[in-house]
Amino acid sequence: MARRPSGILPGKAQGLVIREAHFPGRAPIDAYGDGGFRFAEMSHRGSLLVLPSGIHGWEPSVVSDLTAEAFAPVFEQSREIEILLVGTGTDLVRIDEALKQKFREHGIMADSMATGAAVRTLNVLLAENRAVAAALIAVE
């Protein structure tokens, strides 16, 4: 008799299960480009939020997507974040002053830079065990 993988019931079709992209830990970014990132022996296609709670897939793909709503998870974890690095893609784009003010109100110093620079800075600050987070727009 053939064995079924654990958790599959007889007569129940199993489709593709999509889960929210989330790595429950802090890890340096090993590589970026080709529309995604590599970290912790995994890869992720699309943008990322690197937070105290872990590394999460993130919707924004262009600077115009960087709204207060997009940063809601950052504000929710603001007690554990001193510095937020915002990777704005291939080029440095300043984030909106009203948004920077909202970060300051939550005790966060936000600094925008090209995604590559943000990844390198993130890795240094993680190695120093600093209270850092990053919002990284993926680059091709």
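Every read-out reported here was derived from the displayed coordinates using simple, explicitly stated rules and does not represent laboratory data. Quick caveat: nothing in here was measured; it's all calculated off a predicted structure. A quick note on method: Cβ atoms are made from the backbone with ideal geometry, for glycine too, and the neighbour counts reach across all protein chains shown.
Sort the stretch 64-140 into rounded, prolate or oblate with this rule: let a ≥ b ≥ c be the square roots of the eigenvalues of the Cα gyration tensor; rounded if a/c is under 1.5, and if a/c is not under 1.5, prolate when a/b is larger than b/c, oblate otherwise. Mind showing how you got there, number by number?
Details: a/c = 1.83, a/b = 1.06, b/c = 1.74.
Note, shape of the stretch 64-140 comes out oblate.
If the only charges are +1 at each Lys and Arg Cβ and -1 at each Asp and Glu Cβ, what is the size of the charge dipole of the stretch 10-140 around the Cα centre, to the nearest 20 debye? Provide the component values of the computation, followed by the final result.
On the way: 12 positive and 17 negative charges, 59 e Å.
Charge dipole, the stretch 10-140, about its Cα centre: 280 debye, nearest 20.
Taking amide H positions as placed 1.01 Å from N in the peptide plane, with prolines and chain starts having none, which residues 5 or more places from Asp30, or on another chain, fall under 5 Å of its amide H?
Arg38, Phe39, Ala40
Which order do the peptides 35-41, 108-114 come out in when sorted by mean C-beta neighbours inside 10 angstrom, highest first?
Values: 35-41: 16.1, 108-114: 17.7.
Sorting 35-41, 108-114 by mean packing, highest first, produces 108-114, 35-41.
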